[in-house]
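Some notes on the structure that comes next.
The values are calculated or read from the model by the stated rules, or taken from the named source; none is laboratory data. As the structure is a prediction and not an experimental result, all values here were calculated from the model. Because the Cβ atoms are built from the backbone with ideal geometry, glycine has one as well, and the counts that use them run over all protein chains shown. The area values use the complete protein model at the heavy-atom level, side chains included, leaving out ligands, DNA and RNA. Shrake-Rupley method; radii C 1.70, N 1.55, O 1.52, S 1.80 Å.
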Amino acid sequence: MIHEVIMHVVCPFLGTIGYAVLFNVPKRFYLSCGFTGMAGWLVYQTILSQRISAALASFLGTMAVVCLSRVLSIRKKCPITVFLVSGILPLVPGAGIYYTVYYLVTNQLAEASRRGMESIKVAFAIVLGIVFVLALPGKLFQSLAIRQRRVRKG
């Protein structure tokens, strides 16, 4: 039990930081990128453990990543892509795409179709999560960041 919890916290955190290094993110943003990826993965895992579809879990996890990325981009005064691209990485359906191609190559077309459709649903859920949160007005996130600064100073 405790081993699984550590794996679901540490692995996305370190994986996101590793991707941030490859993406040439400045060093001062590594921890924020790691936290963003970890938060999205924890939302995804929490919803997935309640027997809800992977697409809906990915959608809600993506919304958490984008919201956190918008707040961090305002607080750290940098572009949102620094946190968004790194933070979205744990939610990308890499294994689903791999198994889709594997089953295509081994001529198991029914299983390839099932895995492929699930991967496409997750990919669309990620895109919709990004679009929905980016469609929210920027003033909302600016007020959140300003309110957090006042709480810290106060």
All but one of (1) under 9 Å from the mean Cα position of the chain (by Cα); (2) open to solvent by 40 Å² or more (accessible area, probe 1.4 Å); (3) not charged (D, E, K, R) hold for A64; state the number of the condition that does not hold. (2)
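Select from the range 106-145 the residues that are of a type in the set (S, T, Y), at pLDDT 90 or above and either outside any helix (DSSP H, G or I) or surrounded by fewer than 17 Cβ atoms within 10 Å (Cβ to Cβ) (or both) and list them in ascending order. Outline the logic, then answer.
Going residue by residue through the range 106-145, those that are of a type in the set (S, T, Y) are 106, 113, 119, 143.
Adding the requirement that they be at pLDDT 90 or above leaves 106, 113, 119.
Answer for the range 106-145, where residues must be of a type in the set (S, T, Y), at pLDDT 90 or above and either outside any helix (DSSP H, G or I) or surrounded by fewer than 17 Cβ atoms within 10 Å (Cβ to Cβ) (or both): T106, S113.
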Output for the range 35-61, where each listed residue is assigned to a helix (DSSP H, G or I) and over 20 Å from G18 (Cβ atoms): V43, T46, I47, L48, A54, A55, L56, A57, S58, F59, L60
